[in-house]
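These notes are about the structure you will find just below.
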Amino acid sequence: MSDELAPSFSPADIEAALYKKWVAAGYFTADSASTKPPYTIVIPPPNVTGSLHIGHALDHTLQDTLVRMKRMKGFETLWLPGMDHAGIATQNIVEKQLAVTGLTRQDIGREAFVKKVWEWKSESGGAILDQMRRLGDSVDWSREAFTMDSGLSTAVLTIFKKLYDQGLIYRAERIINWCPSCLTALSDIEVDHHDDAGEFVQVRYGEGEIQITVATTRAETMLGDGAVAVHPDDMRYKHLVGKEVLLPLANRYIPIIADELVEPEFGTGAVKVTAAHDPHDFEMAVRHNVPFVIIMNEHGVMDGSGTRFDGMDRFVARKAVVEALRSEGRIMDEKRPYVHAVGHCSRCDTTIEPRLSMQWFVKVAPLAKAAGDAVRDGRVRIEPAELAPRYFDWIDNMHDWCISRQLWWGHRIPVWYGPNNEVVVVGPGEFAPDGYTQDPDVLDTWFSSALWPFSTLGWPSSNADLKKFYPTSALVTGYDILFFWVARMMMFGLFAMDGVPPFHTIALHGLVRDQFGKKMSKSKGNGVDPIEFMDRYGADALRFTLARGANPGKDQALAEDWIGGSRNFATKLWNATRFAMMNGATTHGELPALESLNAVNKWILSRLSATISEVDVLLEQYEFARACELMYHFAWDDLCDWYLELSKKSFASGDSTDTKRVLGFVLDQLFRLMHPVMPFITETMWTALTGEESLVIAKWPIARPEHIEKEAEKLVVELQEIITEVRRFRNDQGIKTSQKIPARFVAPEYIQEYAGAMAFVLRLELGDITSSAHCEIGRVRVEFDLTQSIDAVAERARLEKDLSSAQKDKQTAEVKLNNAGFMAKAPEAVLVEIRERLAKTTAEIERITTQLSLLPRT
RNA sequence: GGGUGCUUAGCUCAGUGGUAGAGCGUCUCGUUUACACCGAGAAUGUCGGGGGUUCGAAACCCUCAGCGCCCACCA
């Protein structure tokens, strides 16, 4: 125990030292044999860029806040940290690095490439871990990094086989989203739709008797047309159905079919059917036996149409095809630009090409039903509830999930093919027969991520961890990955764990925006760097800022000023604690009997208890912003601005035994309460104050109902009003705060008792004086002996302002009381309040008017 | 196209029926025995527009306008 705190603190120093101390003491390590109730929290896989993103800083701040609180409440807490994040982003980064040496992944081969990714990943992953530790995360990192070739791999094999055996995984040739740049299939949510200025051209097919005009935005795909479709009831085209029409440029004859899917109102009412390059067309083609003509390769280059367009890029071909058609006089109409939604790869923004190919899919219907029901029937809560409709909307209308990716970085699909197209799905510990070859594709990263809540606990083997910590208590994450990750964990959790959902609560927070509420982006350069802010303001300041801005499900704007404000708050607390300790604040000994305390001490205890109970409720409801707001105002306003000020007199006069003990108690409790949001500085101050081991393992503060003291609160509010009024008077009179004024309180006994304390704060010298000026606040009159006469103009202005505000208040009260409807229907409590207001304002007006009349004319 | 959210002080945002709030910024004063990363005081809003419900609306309902986000295989 150090007897005093340094005049200033260095965040970097205390952060590094304390983190080491906490880890060494084993505070963060969960023990599945413990008998405490479990509190498990799932945290998202960190990103792969090698540096802490502000969004992750927010994630981890909120998660760690909950974990620290729960730990103090006596729970056995466990984080489920994720380090495994396969997929395109990682692969792209390493491929780019490789490209610097002039090589491609094909050049060095699959094995060498994967090894290279691992090397890079452990490096960047390690960097992120260090950065999160700096933030103060109390993650049990001994469970970190379930890797591709350890526990998670077994889990992937197990669930793949289980799904396959139940017919929930299948392989099929379908139209999928293909990125010609990443060269892989993508799931629906990896495709972003945004408006592009394209073209919309009407092309006349056929010759002579049999002609029909179709409309398209992708003219080049006509080379792969297998039919033209119209609506069955469309009278314009009824006579053509069943006939064959000449396909220009390709010089083939294709049938005209009728299908309900066609909108007669749209375009010309006739649609070209390109079975292999459009999902809609694919559906119709299956129904009508239209052939699949593939005319483009995986790079988006025309290939296989047997025309002169082969070898052209798809966009070049589009222009060329339109030109060729124009020269044949077949373009009947064209709109350019034609703005319409086009799919883009969410990673590289390349325009998605729908492509017919053989892929693996998860049949989601039964899984999604279960995942929706778990929330519908209340077994899983989504916080805030407003976001639940978004979840239902998505999960109830989900298409089958394409899980194969043509990448090298990820879990290999555990399927082997025999020489005669035999298919063997390989489970854990199983092997395919000799001569079989494994599917070259890997699984979508969210496939393995979906296993997180139970695979990290050792599933599929049943052990103590899994029994104790599943289902998890909470998932705290941004709403942006509700579909990517959350919904998929729900589906797989329910499936693998016999219908038990993976979490009790899904708490969704918003995203961090820039200071003007705009989305952060690299191209705009408005991103913020959490590391830089921690360097400059400390981890506590960053954490408190993020927590203070976190309203459930709502985005928060973040600027450097905000963090500076939190740092100021930390400094304020530091100085207040230093002052308290210099004046002998202590946590030793019994708290004095309540009845024996003065009103100021009673008041601060009452405020403390109220704050504790409100903060506790708010944190349990994931209302971080409101909780922080209460702590902030209790600490700064109630404690620093009023309690410490009002206590200075007793410290100065040496009559402060009660106050020392009460102050020590309040600080002790406040630090416990704030520890989850400002772990480092509270730990430092608390251990200095109490001499005890650590706040991490201290008990969470409990509100004491017996400390709630309405009378004391009322009295202190009165004292505050008096002090504020005298300060106003001094200010308006231009009297320096440092100048002492002889004064006297004319007040009821219960106020008079605090005259000394107030005089100390107000720099008044109490004594028998000749009054030359005074202030009146309700029943209290403060008289001053001013050496010079008062500034009557300033005083008149002050009083007139008070008068007009009192008159306004009186008027609104009168209007209400004269309103028959109000008198008849307003509740009694409101009536009483308004009557009191009327009485009070009436007295005020009388008092001020008298004072004004006594002022010398100027 | 379908959802959904927002619009409150200069800026960013709280506020789910009873006299409009916070942080930052602004103005004035001030180094008094914790703190200038401070203290004291002050200014600032027909709560997006228009209707309605109510004794009473920033809040509830309708409508219009603007902004944002999510979802969407209309060629």
**OP:** Report relative contact order for region A:146-257 in percent, whole number only (criteria: Cα-Cα under 8 Å, sequence separation at least 6).
**Re:** 16
Original post:
At a Förster distance of 51 Å, what's the computed FRET efficiency of A:Leu854 paired with A:Glu706, Cβ-Cβ distance as r, to 0.05?
Top reply: 0.60
Original post:
Counting only the backbone N, which residues of region A:556-583 are under 18 Å from the spot 7 Å out from the Cα of A:Phe516 toward its beta-carbon?
Top reply: A:556-562
Original post:
Applying the Karplus parametrisation 6.51 cos²θ - 1.76 cosθ + 1.60 with θ = phi - 60° to the phi angles of region A:651-658, what ³J(HN,Hα) value in whole Hz is obtained for each residue in order, glycine and proline being reported as x?
Top reply: 5, 5, 8, x, 9, 9, 4, 4
Subject >> In region A:281-326, the trypsin sites (Lys or Arg not before Pro) that fall in loop regions by DSSP, at most 16 other Cβ within 10 Å >> reply: A:Arg308
Original post:
With labels modelled as points extended 7 Å from the Cα through the Cβ direction, what inter-label distance (nm, one decimal) is found for A:Glu244 paired with A:Lys73?
Top reply: 7.5
Original post:
How many nm is it between the label spots at A:Gln807 and A:Ser653, if each spot is 7 Å from the Cα in line with the beta carbon?
Top reply: 4.3
**OP:** Any chance you could run the full-extension gain for A:Ser523 through A:Gln106? It's 0.36 nm times the residue separation minus the Cα-Cα distance, nm to one decimal.
**Re:** 147.0 nm
Subject >> Under the Karplus curve 6.51 cos²θ - 1.76 cosθ + 1.60, θ = phi - 60°, whole-Hz ³J(HN,Hα) for region A:483-490, x wherever Gly or Pro sits >> reply: 7, 4, 10, 4, 4, 6, 5, 4
Original post:
Using θ = phi - 60° and the Karplus form 6.51 cos²θ - 1.76 cosθ + 1.60, what ³J(HN,Hα) does each residue of region A:398-407 get, whole Hz, x for Gly and Pro?
Top reply: 7, 7, 4, 9, 6, 10, 8, 10, 8, 10
Original post:
What accessible area per residue comes out for chain A, rounded to a whole number of Å², with a 1.4 Å probe?
Top reply: 44
Subject >> Whether region A:256-349 is rounded, prolate or oblate, judged on the alpha carbon gyration tensor where a/c under 1.5 counts as rounded >> reply: rounded
Original post:
On a 0 to 90 degree scale, rounded to 10, what angle separates helix A:314-327 from the longest Cα axis of chain A?
Top reply: 60
Subject >> Accessible-area composition of region A:518-573, carbon plus sulfur, in percent [1.4 Å probe] >> reply: 47
**OP:** Pop the C-beta distance of A:His633 and A:Phe266 into the FRET formula with R0 = 60 Å and round what comes out to the nearest 0.05.
**Re:** 0.50
**OP:** Tell me the chymotrypsin sites (Phe, Trp or Tyr not before Pro) within region A:154-214 that lie in a loop according to DSSP and have at most 16 other beta-carbon atoms within 10 Å.
**Re:** none
Subject >> Between region A:455-493 and region A:337-358, the Cα center-to-center distance that results, in Å >> reply: 32
Original post:
Any idea what the dipole of chain A comes to, in debye rounded to 20, about its Cα centre with Lys/Arg Cβ at +1 and Asp/Glu Cβ at -1?
Top reply: 940
Original post:
Going by alpha carbons, how many degrees (0 to 90, nearest 10) lie between the helix axis of A:88-100 and the longest principal axis of chain A?
Top reply: 80
Original post:
Relative contact order, percent, of chain A when contacts are C-alpha pairs under 8 Å separated by at least 6 residues?
Top reply: 13
Subject >> Translational D in µm²/s for region A:299-423 (Stokes-Einstein at 20 °C, 1.002 mPa s, Kirkwood Rh from C-alpha pairs) >> reply: 108
Original post:
So if R0 is 41 Å, what FRET efficiency would A:Gln752 and A:Asn575 give, r being the distance between their Cβ atoms, rounded to the nearest 0.05?
Top reply: 0.80
**OP:** Multiply the residue gap between A:Met332 and A:Lys115 by 0.36 nm, knock off their C-alpha separation, and tell me the result in nm, one decimal place.
**Re:** 72.5 nm
**OP:** In whole angstrom, note down how far apart the Cα centers of region A:779-850 and region A:225-284 are.
**Re:** 82
Original post:
Restricting the count to DSSP beta bridges whose residues both fall in chain A, what percent are antiparallel, rounded to a multiple of 5?
Top reply: 70
Subject >> CD proxy at 222 nm, helix term only [per DSSP H run n ≥ 4: -39500 (n - 2.57); per residue of chain A; nearest 500] >> reply: -13500 deg cm²/dmol
Subject >> Dimensions in Å of region A:668-757 - Rg and Dmax from alpha carbons >> reply: 19.9, 53
Subject >> Stretchable slack from A:His504 to A:His299, in nm (0.36 nm times residue separation minus alpha-carbon distance) >> reply: 69.3 nm
**OP:** Enumerate the amide H contacts of A:Ala229 below 5 Å, restricted to partners 5 or more residues apart or on another chain; note that Pro and chain-start residues carry no placed amide H.
**Re:** A:Ile257, A:Val271, A:Lys272, A:Val273
Original post:
How do A:514-527, A:406-419, A:289-302 rank on mean C-beta neighbours within 10 Å, highest first?
Top reply: A:406-419, A:289-302, A:514-527
Subject >> Overall form of chain A per C-alpha gyration tensor (a/c, 1.5; a/b vs b/c) >> reply: prolate
Subject >> Heavy-atom accessible surface of region A:356-478: percent carbon and sulfur, 1.4 Å >> reply: 54
Subject >> Other-chain or far-sequence residues with amide H under 5 Å of A:Met296's (modelled H) >> reply: A:Asp303
Original post:
Near the amide H of A:Met312, under 5 Å away, which other amide H atoms are found, from residues 5 or more places off or on another chain, if H is placed in the peptide plane?
Top reply: A:Met302
Original post:
Going by alpha carbons, how many degrees (0 to 90, nearest 10) lie between the helix axis of A:599-620 and the longest principal axis of chain A?
Top reply: 10
**OP:** Evaluate the distance, in nm, between pseudo-label points positioned 7 Å from the Cα of A:Lys20 and of A:Met497 along their respective Cα→Cβ axes.
**Re:** 3.8
Subject >> 30 Å Cα-Cα reach of A:Lys20 towards lysines, excluding residues that sit fewer than 8 places from it in its own chain >> reply: A:Lys36, A:Lys70, A:Lys73, A:Lys121, A:Lys468, A:Lys572, A:Lys699
Subject >> Within region A:362-391: backbone nitrogen closer than 14 Å to the A:Asp188 label point (7 Å, Cα to C-beta) >> reply: A:362-369, A:391
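The values are calculated or read from the model by the stated rules, or taken from the named source; none is laboratory data. Since the model is a prediction, treat every value here as computed from it, not as a measurement. Neighbour counts run over all protein chains shown; Cβ positions are idealised from the backbone, glycine included. Surface areas here come from the heavy atoms of the whole protein model, side chains and all, with no ligands, DNA or RNA. Shrake-Rupley method; radii C 1.70, N 1.55, O 1.52, S 1.80 Å.
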